[in-house]
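Below is one structure, written out as structure tokens; the observations come after it.
The values are calculated or read from the model by the stated rules, or taken from the named source; none is laboratory data. The shown structure was predicted, so the numbers you read here are calculated from the model rather than taken from an experiment. Quick reminder, even Gly has a Cβ in these numbers, built from the backbone with ideal geometry, and neighbours come from all protein chains shown. In case anyone asks, the SASA skips ligands and DNA or RNA and just uses the protein heavy atoms, side chains included. Shrake-Rupley method; radii C 1.70, N 1.55, O 1.52, S 1.80 Å.
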Amino acid sequence: MRPLLLAPMLATVLIASPALAATIEVTIDKLVFSPASVQAKIGDTIEWTNKDILAHTATVKGGWDVMIPAKSRGKVTLKAAGTVDYFCRFHPNMKGRIEVAP
């Protein structure tokens, strides 16, 4: 009889569990963010992998500024919904966009 009592409790826990956050990968190669536009949710992490021999940033005006050294990685966890346009402070022609859903 105990398994019958535990089943509703287990179902409630599984339904009430928050979705797992994702890590979304963006590559930097030859002065280009790829993909240039990504979709994410609040709590997801964006991780940039810099394959260039130059340092880059992922900078949001009035927001965050992630330093991404040459041949290295940088990341940020998304905390608010909305569209975020970012660029490299060192190479302003490098641009990307993140659409963050709630």
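Here are some notes:
- Across the range 30-41, a minimum of one residue is classified as small (Gly, Ala, Ser), over 16 Å from Met94 (Cβ atoms) and assigned to a strand (DSSP E or B).
Conditions tested, residue by residue: (1) modelled with pLDDT under 95; (2) touching a Phe, Trp or Tyr at 6+ places or on another chain (Cβ under 7 Å); (3) not basic (Lys, Arg).
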{"residue": "Met67", "(1), (2), (3)": "no, no, yes"}
{"residue": "Lys71", "(1), (2), (3)": "no, no, no"}
{"residue": "Val76", "(1), (2), (3)": "no, yes, yes"}
{"residue": "Ala81", "(1), (2), (3)": "no, no, yes"}
{"residue": "Tyr86", "(1), (2), (3)": "no, no, yes"}
{"residue": "Phe90", "(1), (2), (3)": "no, no, yes"}
{"residue": "Met94", "(1), (2), (3)": "no, yes, yes"}
{"residue": "Glu99", "(1), (2), (3)": "no, no, yes"}
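- Of the residues making up the range 42-58, those that are part of a loop (DSSP other than H, G, I, E, B) and open to solvent by less than 50 Å² (accessible area, probe 1.4 Å) are Gly43, Asp44, Asp52, Ala55.
- Selection count where residues are in a loop (DSSP other than H, G, I, E, B), open to solvent by less than 100 Å² (accessible area, probe 1.4 Å) and either closer than 19 Å to Ala101 by Cα or modelled with pLDDT under 60 (or both), scope the range 1-29: 4
- Only residues that are farther than 14 Å from Ile28 by Cα and open to solvent by less than 40 Å² (accessible area, probe 1.4 Å) were counted across the range 62-100, and they come to 6.
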